[in-house]
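Report on the structure given below.
The values are calculated or read from the model by the stated rules, or taken from the named source; none is laboratory data. Nothing here was measured: the structure is a model prediction, and the numbers come from that model. A quick note on method: Cβ atoms are made from the backbone with ideal geometry, for glycine too, and the neighbour counts reach across all protein chains shown. The area values use the complete protein model at the heavy-atom level, side chains included, leaving out ligands, DNA and RNA. Shrake-Rupley method; radii C 1.70, N 1.55, O 1.52, S 1.80 Å.
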Amino acid sequence: MLEYSIVAGLLFGLYFSLVGLGLNLVFGVMRIVNLAHGDFVMLGALAAVGCYSAYAISPIAAAVLSLFAFAIVGFPLYYLLVPRLLRSSDPEMLSIILFFGLSQVIESLTTIVVGPSERSIPGRALGGGPVHLLGQTFPSAWVISAVASGIAVMLLFLYLYHTRAGRLTRAVMVDRNEALATGIDVDRISALAFGIGLGLAAVAGCFAPFMLGSVTPAIGVNLTIQSFTVIIVGSLGSPLGTVLGGLIYGVSLMLMQTYFSSWAGLLPYLLLIAILLVRPSGLLGRKVRYV
Amino acid sequence: MSSEASGIATASPLLTVKNLAKRFGAFQALQSVSFNVRPGEVLGLVGPNGSGKTTCINLITGLYKPDGGAIQYQGRSIGGLPSHRLAHMGINRSFQIPKPFKSLTVRENIEVAVAYGGRGSDTAEIKRLLEFLELDLLTDRLASELTSGQQKMLDLARALATKPALLCVDELGAGLNPNELTHVAQRLRELARSGMALLVVEHLMDFVDQVTDRLIVLSVGKDIFSGPLSQAVQDAQVVEVFLGAPDEH
Amino acid sequence: MSTDLLTASGLDAGYGGVQALWGAGLSVRAKETVVLMGPNGAGKTTLIKTIMGLVQSWKGEISFEGRNIVHDRTDKRVRAGIAYMSEIGCFPGLSVEDNLRIGGQFLPAAEFKRHIDDLYDRFPTLAQKRRALGGSLSGGQRKILGVAKALAGKPRLLVMDEPSAGLSPLFVREVIHVLGQFRDSGLALLIAEQNIRFLDLADRVYTLEGGRIGFEGTVQALHADAALERAYFGLKKT
Amino acid sequence: MSKALRHSLQVLIPLVGAAALLPYVYHNQLLLFNFIVFLTLAQGVNIIYGFTGYLPFGYVGFFGAGAYGFAIAVMHLHAPPLVAMVAGASASVLFGLVLTPMLRLSGPYFAIANLAAALAISEIVSNPALESITKGPYGVSLSGIFQPAFSYAVAIVVMAFSMGCVLYLRHSRFGLALQAIKDDPISAAMAGINVVRARIVAWLLSALIAGLIGANFAWFVSVFYPDNVFSPDFSIFAIVFALFGGVATATGPILGVVLLYGLYNVIGISTPQYFQLIYGLLIMALVLFLPNGLTSLLRRWGIHVI
Amino acid sequence: ATAPSEIKLGTLYASSGPFAAISMPVYQGLKLWVNQENAQGGVMVKPFNKRIPIKLISYDDQSNTATAATLYNQLVTQDKVDLLVADSGSVLTALAVPIAREHKILLFDQTGTGGTFFTKDNPYIVLLSDPVSTIWPKYVADFLTHEGPKLGIKRVALLYATNDFTGTQANAVRGFIKASGAPIELVYDKGVPTNTTNYTVLINNIQAAKPDAVIQMGYPGNDIAFLRNLHDSGTHFNWLFAIYPGLETEHLEKTVGADGLKYVYTYTPSSAVEYHAESGMSLPQFREAWNKAYPDGKVAFGFNSVAGYTSGLIIQNALAVTESMDQLALRKAVFSLSGKLKTLDGTFALDENGAQVGEITPLGQLVPDGKGSVKFTVVYPSDVATGKAIYPAPSK
Ligand SMILES: Nc1ncnc2c1ncn2[C@@H]1O[C@H](COP(=O)(O)OP(=O)(O)OP(=O)(O)O)[C@@H](O)[C@H]1O
Ligand SMILES: Nc1ncnc2c1ncn2[C@@H]1O[C@H](COP(=O)(O)OP(=O)(O)OP(=O)(O)O)[C@@H](O)[C@H]1O
Ligand SMILES: [Mg+2]
Ligand SMILES: [Mg+2]
């Protein structure tokens, strides 16, 4: 039971790293709190549901498609919202409210379009039966989602540390004003990061029907909070930190479910509070933060 | 200046710092620093960048707790006391990077200090102070609208509003032109004449020359010299780490 | 004047409703070093930021190499060949090497490679610290990194706001020395400074008072003007 | 001080008068009660966000703590309502005390931690393991003390108290000190302010206000579930209303609640199907076009704001 | 008295937020009834002895409880409705209970099954369309305690979501089993938060307890996640009960897949037991009308939609027999239907406090219908049973 919980926690945690990844990027680069993040995950999930039921497109193909589609949507959305926001007196705080509003808009429009009920994709759409891993049996969807999440983290890592745009992105993360003064087109770089952030959220969404059973338009808030737990535990700005945060979250959630199941809902909150109080900069703290 | 100095030498120290040490993580910012300041004395604290001057002031004013050594003020140990207590006891400072209350006006900035750290100052005092530091034309401006130089003056005014017995000034001179420097130097001397003890951190040697009675030179967290500037310029170690080749000025 | 690299004229600018510049202007010729002086709050920072496009000008013109740049964003101005060294100077969270790469982001890869090696030769301190984070450098080293980062893009003109503020005498000398080398190899400099040592470097001087340009001329002319001499160097010289 | 008094009367008399008289004209008393709840909560947010800069994204935690403190006192101690309100307020202040270490966090970290804390306390209260104390997820029914008119009157007093607190902060040196801390805590300490204590006082004051009105709410509705009194909408609405009006003023949040919550109800009653959509868009427009609140607009037009 | 030109029926619904998924079907079911009646010129009202059109006044509370409270009050004090119908679910109904009581207006509670609502001192509430949650699982428990030991069921696992609806049912199951004295042991008994979406580890833990029968109680989202995780992880239980495979069969078939529903025990909805609806449409008719009225399929058809429609039927029947439009007279009229009225939802019956105790759903089992889908077998109690329980459930 213990081993099973731990391995399951690792797989589940890896998936949650993917859920938090985009949020982390957006917060790191723009210092804005995208409270609508979970809603973009939800939209990604519904996109995958739609692709599958209308055109029988596999969720993996849908993930690739929605990565680009959402990234492209992110661009105009960035220019519509963020530059104006950053001109205000307290953008960090106001972003919380602005994106809460956006989350409401997304949820209501989604409900108007698809209705409030649960939607999902049959399990067989993502590979066959159970998979044996480390002497335990898991749904294949878990393993596939975990692998997809690993790939996404790697790609983001490569982008940030081995491309020119990635280097500029990190520069903007470190100091927006200095970046402006150095002649970086801060808005374009940020818009790109924003788009990638949304794209990653959508990719996570494509696997949500398998990891969460089903999705409804109202699921966004929960996902946002879980994402925050993951990225804050791991520390902001670092994709590797997000993975660490995800793993810790996943394993402790599964252990909680096993031993104190009715209190499992408390876990993300307690984890978040504890980490913030003990190490406000997250577990990977400042030193490794920008490595 | 020498007559003043001799008077000071006989007074007992207001502040005594002994073997002060401070670590940040693995980095030892201060290894061992010792010095003392007497009432009416202006002590210069100089040294290369990163030698620990600001850290010293931060420790004396309660921003950090020391990891080792002792800080004594008026004969009692103050290491680790919170800043507001120290302000009440008569220790205050200005900041290297000015830190005014940006959403308050210049007057309100000073009023807060008078109300909470006042030690008996009043509204008349505020007016005098503003004139003293030439902030009187800016009284109703928001602090955020001031230039960094003006903000430094405001910092100083706010510190003075608490009527400190010991005032630490961190790089007041950076960004001032020589004429302005002279003006500020005169102000600091006036304060010293009134019996205040001053600890002045500064890189501009002309300014140091105008203001200080005595110098402490720090290098990598240690004090390597103590004495007047005229001696410091002859000290080989000080020249090597801090002043560079002799100055033609 | 045809040899003008940068010309700014009739600039009005400010913050919110508060005007800080009143028809200010200056010019920098190719390969020339210009020092901008002025009392506290005169508007030096504002003028420099306006030239860089970091503060929006309300009125006036700025041209660089004969082209009007007043409507360009900062990044376009930098791309055009004006580098700016802010008070912070560098990205504390990135390595020295990454800082330099970002400074040289617009250069072709091969050219950048050659250029960066040259920079490391000139600044041996940085060469030793390639992998160190900008934030781990001391104040003086950071300023040097700031200069190197600004130079990494091979600008025609380097604009600096108080490069010496807070530097120990030893480092002030080093910065002046390095800037001297680059001036000799043809770089134009515009420096807002209060430290009179920088006058040694200057070809011409502007003074700014209350947001307006006061004196404009050579260093010799400045020294010859007794009133100005008193205003700026005050009792010190007497 | 006479200016302070005049301002207080200018704000308090019309507001209390309106709250007291409107039920005779307009019979949806619960709507009026909700206005009072949000007026009070918005002022509580104003105290902690407007004067100290901490965004209490989990402000509803105090509200719910107050409601459950009240309910527990009634259910288990058979306390009369006014005594139970004290119990509710104490529960809320106690919760605030437990959370004081969070004041070390800054910016969005505080907001997120506070949100987490509110969700945590709601999880705890609604856990079936605590059924014997809180009734767990099964909801509380206090039908024995159902007194709408009396509890409405008490709510007016609580609201007046919250206004009084804000007016005090607007005019006292303590309020000035809080703003100084908000701008720069280190400088504030050097100015002689006990930063930690001042922040805790403001924090507990806003907890007290939310706790009182939460207890009052429990009394007024008398039947509720954890989801009712820990609904995150309370926090969000209170914050949005306060911001819309303009924080760090006494009248801003009042304007915010009256206009926005009024509008909210008008939309809710006239065009329910696009309710959430319109409201979401409204919130976004507010942040983008009026980030410093309505009072900033008034100031720009040269109107003095109390 | 002169007949009014319309009867005002006020209600709330949640088009978004956590309660939307259960609220919308109920609301649309009720609306369907209103439209049908109005198409015939209105509903028959006895005191005026004629058909009077119904004016439906409805607001969207967005699952927001403070808003819901205000809107209930709006219905009562401003719109002055003649009939007050609650939003569905206990949380959103709770707010209406004191409001109705204060204003002395009868609350027609559709599916708010919370036990705390129904007290002796409050006559202003009647529950219409769902049985009160404490008696829902009666046949589930009875089957296990009576038939279980014969089949070899001794060890039972109970997993439930800790909300009012399923928590109460879990408590009831526990109580029934204990009271029966049958040799049944609860080897696993745990609550999980209602927002649990991942059951793989829990399933593994349950399996480790080696139960003969598993009862899992949750909202639709929980059931979907549980059944999918069970199916995907290749775990097999011999006997498994869940709530929504029966209540929202089509919806679960879409989200879980028929494979995951095979041999699952569940509450049998009216579709499987032929309740002879004496009032209103039969189930097939209702479904046809539903599909015609709501062709977009955004809102799930199922148990909740039937509940909304049933609410309408009960109101209709009450109006047909009431002495006057006085609220207590209405209550009396509703009580007079108790035990007599049969709708597509079964027999309507009230206890003395107004709680509904008639429409108890028998225990059913979903079995393959041979066409790749599943169909119901009613397995308990024996008087309505259509087949025998297949135990142990065959594994693939
Ligand atoms: N909070 C801190 N955390 C980590 N390191 C610190 C901290 N404060 C100071 N240091 C380090 O301690 C050393 C001394 O810093 P300090 O600011 O005292 O130098 P300084 O003498 O004032 O230099 P300067 O003349 O540049 O102002 C520096 O290397 C600095 O990086
Ligand atoms: N952010 C701001 N908001 C409003 N007014 C400002 C702001 N920054 C500067 N000012 C005003 O603009 C004028 C010029 O300021 P500027 O910073 O350009 O001066 P400076 O010459 O660089 O001074 P210093 O020598 O102190 O750096 C000053 O009167 C100042 O009050
Ligand atoms: Mg320093
Ligand atoms: Mg400047």
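Condition check: free of Cβ contacts under 8 Å to residues at least 40 places away in the same chain, within 16 Å of ligand 1 (Cβ to nearest atom) and farther than 21 Å from C:Leu189 by Cα. Does C:Lys129 satisfy that? So that I can check it myself, show each step before the final result.
Details: free of Cβ contacts under 8 Å to residues at least 40 places away in the same chain: yes; within 16 Å of ligand 1 (Cβ to nearest atom): yes; farther than 21 Å from C:Leu189 by Cα: yes.
The answer is yes for C:Lys129.
Restricting attention to segment C:78-110, the residues that are more than 7 Å from every other protein chain (Cβ to nearest Cβ) and within 18 Å of C:Thr50 (Cβ to Cβ) total 6.
When segment B:84-97 is limited to residues that are touching a Ser or Thr at 6+ places or on another chain (Cβ under 9 Å) and within 15 Å of ligand 1 (Cβ to nearest atom), the one that is most open to solvent (accessible area, probe 1.4 Å) turns out to be B:Ile97. Residue under question is E:Gly280, and the condition is that it be open to solvent by 20 Å² or more (accessible area, probe 1.4 Å), within 27 Å of E:Gly358 (Cβ to Cβ) and not in a helix (DSSP H, G or I); does it hold? Yes.
Does E:Thr119 qualify as being surrounded by fewer than 24 Cβ atoms within 10 Å (Cβ to Cβ), part of a loop (DSSP other than H, G, I, E, B) and touching a strand residue (DSSP E or B) at 6+ places or on another chain (Cβ under 9 Å)?
Numbers: surrounded by fewer than 24 Cβ atoms within 10 Å (Cβ to Cβ): yes; part of a loop (DSSP other than H, G, I, E, B): yes; touching a strand residue (DSSP E or B) at 6+ places or on another chain (Cβ under 9 Å): yes.
Yes, satisfied.
Answer with yes or no whether C:Lys31 is farther than 30 Å from A:Thr169 by Cβ, more than 9 Å from every other protein chain (Cβ to nearest Cβ) and part of a loop (DSSP other than H, G, I, E, B). Answer is yes for this residue. Counting the residues of segment A:173-191 that are in contact with a Ser or Thr (Cβ under 7 Å, 6 or more places away or on another chain) and modelled with pLDDT of 90 or more gives 1.
The set of residues from segment B:49-60 being crowded, with 24+ Cβ neighbours inside 10 Å and under 18 Å from B:Gly244 (Cβ atoms) comprises B:Ser51, B:Lys53.
Might you let me know whether segment B:184-199 holds any residue that is within 16 Å of ligand 4 (Cβ to nearest atom), open to solvent by less than 20 Å² (accessible area, probe 1.4 Å), of a type outside the set (Gly, Ala, Ser) and in contact with a strand residue (DSSP E or B) (Cβ under 7 Å, 6 or more places away or on another chain)? No, segment B:184-199 contains no residue that is within 16 Å of ligand 4 (Cβ to nearest atom), open to solvent by less than 20 Å² (accessible area, probe 1.4 Å), of a type outside the set (Gly, Ala, Ser) and in contact with a strand residue (DSSP E or B) (Cβ under 7 Å, 6 or more places away or on another chain). Considering only residues in segment B:19-48 that are under 18 Å from the mean Cα position of the chain (by Cα) and free of Cβ contacts under 8 Å to residues at least 60 places away in the same chain, the one that is farthest from ligand 1 (Cβ to nearest atom) turns out to be B:Asn36.
Take E:Gly218 and tell me if it is more than 9 Å from chain A (Cβ to nearest Cβ) and over 22 Å from E:Thr377 (Cβ atoms).
On the way: more than 9 Å from chain A (Cβ to nearest Cβ): yes; over 22 Å from E:Thr377 (Cβ atoms): yes.
Taking the combined requirement at face value, the residue satisfies it.
When segment B:225-249 is filtered for residues that are in contact (Cβ under 8 Å) with a residue 24 or more places away in the chain and either open to solvent by 40 Å² or more (accessible area, probe 1.4 Å) or within 10 Å of chain C (Cβ to nearest Cβ) (or both), the ones remaining, listed by number, are B:Ser226, B:Val241, B:Phe242, B:Leu243, B:Asp247, B:His249. Within the option set A:Phe40, A:Phe99, being away from chain D (no Cβ under 14 Å) and either closer than 25 Å to D:Phe234 by Cβ or within 16 Å of the chain's Cα centre (by Cα) (or both) holds for one residue only, A:Phe40. Per the listing C:Lys149, C:Lys154, the residue uniquely touching a residue at least 24 places away in the same chain (Cβ under 8 Å), more than 16 Å from ligand 4 (Cβ to nearest atom), farther than 19 Å from C:Asp200 by Cα and not in a helix (DSSP H, G or I) is C:Lys154. With respect to being open to solvent by 10 Å² or more (accessible area, probe 1.4 Å), farther than 30 Å from C:Asp12 by Cα, at the interface with another protein chain (Cβ under 10 Å from one of its Cβ atoms) and assigned to a helix (DSSP H, G or I), C:Gln141 fits the description.
Selection within segment D:266-281: residues that are facing another protein chain (nearest Cβ under 7 Å) and modelled with pLDDT under 85. The member of this set that is most open to solvent (accessible area, probe 1.4 Å) is D:Gln273.
Exactly one residue among A:Gly166, A:Gly197 is more than 14 Å from chain C (Cβ to nearest Cβ), open to solvent by less than 20 Å² (accessible area, probe 1.4 Å) and part of a helix (DSSP H, G or I), and that residue is A:Gly197.
Among the residues of segment E:1-46, those that are touching a strand residue (DSSP E or B) at 6+ places or on another chain (Cβ under 8 Å) and either of a type in the set (Asp, Glu) or surrounded by fewer than 16 Cβ atoms within 10 Å (Cβ to Cβ) (or both) comprise E:Ala3, E:Pro4, E:Ser5, E:Glu6, E:Glu37, E:Gln40, E:Gly41. For segment E:148-171, does any single residue satisfy the condition of being at pLDDT below 90, in contact with a Leu (Cβ under 8 Å, 6 or more places away or on another chain) and either open to solvent by 30 Å² or more (accessible area, probe 1.4 Å) or not basic (Lys, Arg) (or both)? So far as segment E:148-171 goes, no, none of its residues is at pLDDT below 90, in contact with a Leu (Cβ under 8 Å, 6 or more places away or on another chain) and either open to solvent by 30 Å² or more (accessible area, probe 1.4 Å) or not basic (Lys, Arg) (or both). Taking the listed residues D:Asn216, D:Asn228, the one that is assigned to a helix (DSSP H, G or I), facing another protein chain (nearest Cβ under 8 Å) and either open to solvent by 20 Å² or more (accessible area, probe 1.4 Å) or within 30 Å of E:Thr168 (Cα to Cα) (or both) is D:Asn228, with no other qualifying.
What residue, of C:Gly10, C:Gly43, C:Gly14, is under 21 Å from C:Ile196 (Cα atoms), out of contact with any Pro (no Cβ under 6 Å at 6 or more places or on another chain) and either away from ligand 4 (no atom under 13 Å from the Cβ) or open to solvent by less than 40 Å² (accessible area, probe 1.4 Å) (or both)? Don't jump to the end; show me each part of the working.
On the way: C:Gly10 fails: under 21 Å from C:Ile196 (Cα atoms); C:Gly14 fails: under 21 Å from C:Ile196 (Cα atoms).
Of the residues listed, the single one that is under 21 Å from C:Ile196 (Cα atoms), out of contact with any Pro (no Cβ under 6 Å at 6 or more places or on another chain) and either away from ligand 4 (no atom under 13 Å from the Cβ) or open to solvent by less than 40 Å² (accessible area, probe 1.4 Å) (or both) is C:Gly43.
Does E:Ala300 meet the test of being over 20 Å from E:Gly372 (Cα atoms), open to solvent by 20 Å² or more (accessible area, probe 1.4 Å), modelled with pLDDT under 85 and outside any helix (DSSP H, G or I)? Outline the logic, then answer.
Working: over 20 Å from E:Gly372 (Cα atoms): yes; open to solvent by 20 Å² or more (accessible area, probe 1.4 Å): no; modelled with pLDDT under 85: yes; outside any helix (DSSP H, G or I): yes.
Spelling it out, it is not the case that E:Ala300 is over 20 Å from E:Gly372 (Cα atoms), open to solvent by 20 Å² or more (accessible area, probe 1.4 Å), modelled with pLDDT under 85 and outside any helix (DSSP H, G or I).
Would you call D:Ala91 crowded, with 20+ Cβ neighbours inside 10 Å, assigned to a helix (DSSP H, G or I) and free of Cβ contacts under 8 Å to residues at least 40 places away in the same chain? No, not satisfied.
Name the residues in segment B:48-88 that are away from ligand 3 (no atom under 16 Å from the Cβ) and within 10 Å of another protein chain (Cβ to nearest Cβ), would you? The answer is B:Gly62, B:Pro82, B:Ser83, B:His84, B:Arg85, B:Leu86, B:Ala87, B:His88.
Only helices (runs of 4 or more DSSP H) whose full extent lies in segment E:47-114 are considered here, and the ones with at least 1 residues that are open to solvent by 10 Å² or more (accessible area, probe 1.4 Å) and over 17 Å from E:Ala355 (Cβ atoms) are E:90-94, E:96-102. When the residues of segment C:34-61 are filtered to those that are closer than 22 Å to A:Asn177 by Cα and in a strand (DSSP E or B), the one that is nearest to ligand 3 (Cβ to nearest atom) is C:Ser57.
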